[in-house]
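A short write-up of the structure that comes next.
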Amino acid sequence: MGVKTFRTVVSVIFVLGLIISGCAKAPVAEVDAVRAALADAKTAEADRYANSEYGTANSSLAAAQSEVEHQNSRFALLRNYDQAKQLLTKAQADAQAAKSAADTNKAQVRSEAESTLQQTQTAIMEAKDLMTKAPKGKEGKAALELINADITMLETSLPEVTTTISSGDFLTARDQAQSKLTKANSIKQELQDVIAKQAELSGKR
């Protein structure tokens, strides 16, 4: 190989090296960062407490990955990951927003569960008070005993709501408390109807 030929080969290799080094590189680190942000959001239970925001973040990551794959399939010199990076920036922000929303919503749901539990306790006390005013005639004795049993059973079941709250499962706790409040209000209504009926009968005598 002559000197001229050798210089030509070296020049070609040098130019190819510049071309290769100038090729756009896939945003691997950015993708990993978004995945980590989504993992943080999942740990904060965004899939339960901020389902919409969490879904948006996952969709944003999917769109970004699709763009990255599209660019990877192109000839090296034609690859451009600018759009993919923009999508990844959005996905990162969406993941952080999902985590923030989950933290906010979780606190709100906990407050609702605790408030509903307090309302249930109040409703039970009111039901007990109504029991003292309910007619004690023989005809209604059996029915009142059943109602009283329901009140007792409901009251003894309240600690399970507190336990669920303590476990951090605020959605389930809220559902439990709401179910018990509905039951307590139903008992109250039944007693109020009984008392009203007795008052109506007494008025006709």
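Laboratory data are not the source of any read-out in this text; all were calculated from the coordinates shown. Not measured: the values here are computed from a predicted model. Please note: Cβ atoms are built from the backbone with ideal geometry, for glycine as well, and neighbour counts cover all protein chains shown.
Taking the charge dipole of the chain about its Cα centre, with +1 at Lys and Arg Cβ atoms and -1 at Asp and Glu Cβ atoms, the residue from Ser167, Ile187, Thr132 reaching farthest to the positive side is Ser167. Compute the Cα gyration tensor for region 68-123, then decide on rounded, prolate or oblate, letting a ≥ b ≥ c be the square roots of its eigenvalues: rounded whenever a/c is under 1.5, prolate when a/b is larger than b/c in the other cases, and oblate in all that remain. Note, shape of region 68-123 comes out prolate. Could you work out which residue, out of Lys188, Lys128, Lys141, moves most in a Gaussian network model of the chain, that is, has the largest mean-square fluctuation with Cα springs under 10 Å? Top of the fluctuation ranking is Lys141. Selection among Val34, Asn72, Ser52 by position relative to the dipole of region 24-105 gives Asn72 as farthest towards the positive end (Cβ unit charges, Cα centre).
If you sort the three axes of the alpha carbon gyration tensor as a ≥ b ≥ c, you get a/c of 1.5 or more for region 71-191 and a/b above b/c, which makes it prolate. Pairwise alpha-carbon distances in the chain exceed 20 Å for 72% of all pairs. Springs join every pair of Cα atoms under 10 Å in this Gaussian network model of the chain, and among Gln119, Gln192, Gln92 the largest mean-square fluctuation is at Gln192.
Based on Cβ point charges of +1 for Lys and Arg and -1 for Asp and Glu, what charge dipole magnitude is obtained for the chain about its Cα centre, in debye rounded to the nearest 20? Mind showing how you got there, number by number?
Values: 25 positive and 25 negative charges, 83 e Å.
Value, rounded to 20: 400 debye.
For region 38-49, putting each phi into the Karplus relation 6.51 cos²θ - 1.76 cosθ + 1.60 with θ = phi - 60° gives couplings of 5, 5, 4, 5, 5, 4, 7, 6, 5, 5, 9, 9 Hz, in residue order, rounded to whole numbers and with x for Gly and Pro. Considering region 24-105, its Cα convex hull presents a mean projected area of 4.5 nm².
Can you pick out the pairs among Lys141/Lys188; Lys106/Lys180; Lys133/Lys188; Lys106/Lys188; Lys42/Lys183; Lys99/Lys180 whose Cα atoms lie more than 23 Å from each other?
Values: Lys141/Lys188 17 Å; Lys106/Lys180 21 Å; Lys133/Lys188 12 Å; Lys106/Lys188 31 Å; Lys42/Lys183 34 Å; Lys99/Lys180 31 Å.
Cα-Cα > 23 Å for Lys106/Lys188; Lys42/Lys183; Lys99/Lys180; rest within.
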